[in-house]
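Right, one structure below, let's go through it.
The values are calculated or read from the model by the stated rules, or taken from the named source; none is laboratory data. Quantities reported herein were computed from a predicted structural model and do not represent experimental measurements. Neighbour counts are summed over all protein chains in view; Cβ atoms, including those assigned to glycine, are modelled from backbone coordinates with ideal geometry.
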Amino acid sequence: MKNIYFIAILLVILFAVSCRDYLSEEPPTFISRTNFYRNEADARTSCDAIYNALAQQIYARWWPIIDLGTDDVTSQTGQNIFLPWFDHTITGTENWFEAWGQYSGFWVGIARANSVIINVPKIDMNETKKNAIIGEARALRALNYFHLVRTYGDVPIIDQEISEKSDFMKPRSSVNEVYEKLIIPDLEFAAANCINALHDGHVTKWTAKVILADVYMTYAGWRRTFQGQFVQGDPKYWALARDMAKDVIDNSPHALITTPFVNGKRTIPASGVAWSVYSAFTKESMMELGYSGVTGIGSWLSRECGTKDGVGFWGANVNVKPLVNEGINLTINQLKFPKTTGVGSFIPTPDLWREFETGDERRNAAILTRFTTPDGTTYLSQPLFTKYVDFEFFIGVVGTSFQYTNNNFLLYRIADALLIYAEAANEVAPATAGDAAYQAVNRIRNRAGLANLTIGLSQEQFRKAVWHERRCEFCGECKRRFDLIRTKRLATETAQIDLQWLPADNPPYAVSFRQSNVLHGTVPFPDHEWLMPIPGTEMKLNEANNWVQNEGYK
């Protein structure tokens with residue numbers, strides 16, 4: 001099992017609030033301030049509850065749906081609940097927004113952060129430790145808001161505790177205002193006050209800085225207003241993104257993992273070690289959510305990403321023996337994982353599979369079709385995202401359950417800083433062979449087993465090269481949709497997506513991947529889906545504030 005950072009159980013209970021309750025007519029009461037926030041332990045516990053909200057409300061199960069409909073992620077045809085993502089008929093009543101917490105969950109995290117930010121300053125404790133905890137809370141509040149503005153556009157700025165209904169019935173603030181008044185100042189405070197150390201599950205100054213670099217890069221790019229206008233950010237943020245990322249690269253204790261992990265007969269390429277079930281909070285990890293195989297603090301991602309067996313990819317039927325040439329005289333049916341669920345909510349597309357260059361170790365590290373245990377046992381599957389899998393559950397280790405698997409989720413890595421720097425530097429001034437932008441990309445490529453970039457690329461060629469590296473490096477990490485939006489490629493890159501696995505695809509015996517969603521890619525991606533709709537409950541709650549639904553939605 002991973003040696004993960006455990007979220008404080010006490011606050012999981014004390015701060016518990018359902019997604020729908022948070023947006024109900026009566027404001028939630030989290031905990032009495034007179035009975036809490038008395039000492040350093042209270043400050044620490046209350047801050048840990050913010051991580052829990054992000055881990056359990058968002059990343060434990062449903063957030064990867066954000067990339068459905070892009071060229072990276074599809075679903076099995078049996079998952080009809082996601083048809084609106086493929087035929088682009090999403091409405092604000094979808095379960096994803098409220099029942100599954102992908103709107104309301106962020107507000108739970110923001111409410112918990114506000115409580116820490118307001119009450120911890122009153123505690124008599126070491127000032128450095130106090131400011132570090134407040135910095136963590138502010139960074140996490142900024143991260144929740146960063147998700148909100150990219151996904152929903154204008155949202156209200158709520159920076160006080162909720163004590164009555166009027167406290168959370170406010171007009172929507174513009175995206176620019178949210179960035180300038182809350183997200184950027186919060187991250188700047190965190191960068192100045194959080195601990196200077198490797199990430200261990202807590203936000204550090206370097207965590208805050210890599211998130212801030214991402215914020216600057218995103219803010220410099222394209223977005224769509226809730227009224228339907230396409231706007232591009234101020235180019236000054238490219239320089240800010242470049243400089244912040246460079247600071248992380250040059251001065252943080254983080255580094256790329258460049259050595260494969262070998263455990264018996266199982267070898268994990270260096271590019272996959274940070275996500276491995278055998279490691280957690282590596283030197284590469286800069287923002288990681290820890291999970292444990294325990295009810296209530298585990299992940300459901302293994303269930304949601306799991307496909308059926310290898311039929312349709314490794315062979316035409318269950319009796320095919322695709323590994324006979326390796327001395328494995330077993331059929332596909334005999335080689336399948338014992339406990340895969342077959343849910344297939346989010347699985348990789350053939351289009352993503354073919355994005356990887358020949359020899360790119362990231363493909364087999366990130367997209368699972370074959371798994372070898374330390375003792376040499378081999379399992380086959382249809383393609384799925386390795387990063388979501390706890391293999392102990394898939395293999396059928398006694399006591400494991402799809403309801404609480406032990407696979408951590410990485411939101412940021414040092415690779416983010418390298419590729420943010422390369423992209424931003426090239427936007428400020430065209431990259432030239434041998435400069436720091438080339439070096440940053442080449443570090444990523446070399447780690448993946450690839451040669452350096454071709455020298456002499458034009459600014460546009462280098463830009464596309466970085467986009468390619470981001471797609472391969474971060475696939476399955478919930479970044480594709482946002483990358484396509486900020487670079488104004490959402491429609492063009494998702495217009496012609498090949499969903500058919502072909503015999504030419506590696507491995508041998510591949511024929512037809514029958515679990516692809518046939519609607520994916522057949523309907524043009526509409527402009528209004530640059531933003532998701534504001535959920536109906538929230539719209540009703542703010543009728544008095546004259547909230548207008550995002551353009552294109554009813």
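List of remarks:
- For the residues ASN426, ASN442, ASN452, the requirement of being without any contact (Cβ under 8 Å) to a residue 12 or more places away in the chain and outside the structural domain of PHE230 (by TED's automatic domain parsing) singles out ASN442.
- One residue alone among GLY476, GLY434 is among the small types (Gly, Ala, Ser), modelled with pLDDT of 95 or more and not in a helix (DSSP H, G or I), and that residue is GLY476.
- Leading residue by the ranking (surrounded by the fewest Cβ atoms within 10 Å (Cβ to Cβ)) among those in the range 124-140 that are touching an Asp or Glu at 6+ places or on another chain (Cβ under 7 Å) and touching a residue at least 60 places away in the same chain (Cβ under 8 Å): LYS129
- The range 357-384, residues that are within 20 Å of the chain's Cα centre (by Cα) and not small (Gly, Ala, Ser): ARG362, ARG363, ASN364, ILE367, LEU368, PRO383, LEU384
- Boolean, ILE268 is closer than 30 Å to ALA139 by Cα and of a type in the set (Val, Ile, Thr): no
- Residue list for the range 193-219, filter: assigned to a loop (DSSP other than H, G, I, E, B) and either hydroxyl-bearing (Ser, Thr, Tyr) or surrounded by fewer than 24 Cβ atoms within 10 Å (Cβ to Cβ) (or both): ILE195, ASN196, ALA197, LEU198, ASP200, GLY201, HIS202, THR204
- Residue list for the range 331-365, filter: over 12 Å from SER381 (Cβ atoms), touching a residue at least 12 places away in the same chain (Cβ under 8 Å) and not in a helix (DSSP H, G or I): THR331, VAL343, SER345, PHE346, THR349, ARG354, GLU355, PHE356, GLU357, GLY359, ASP360
- Scanning the range 52-74 for residues that are not aliphatic (A, V, I, L, M) and not in a helix (DSSP H, G or I) yields ARG61, TRP62, GLY69, THR70, ASP71, ASP72, THR74.
- Within this structure, ASN317 passes the test of being modelled with pLDDT under 90 and either part of a loop (DSSP other than H, G, I, E, B) or surrounded by 23 or more Cβ atoms within 10 Å (Cβ to Cβ) (or both).
- Residues located in the range 277-311, provided they are farther than 21 Å from SER401 by Cβ, hydroxyl-bearing (Ser, Thr, Tyr) and modelled with pLDDT under 95: SER279
- When residues of the range 302-314 are limited to those that are outside any loop (DSSP other than H, G, I, E, B) and either under 26 Å from the mean Cα position of the chain (by Cα) or of a type in the set (Lys, Arg) (or both), the one surrounded by the most Cβ atoms within 10 Å (Cβ to Cβ): SER302
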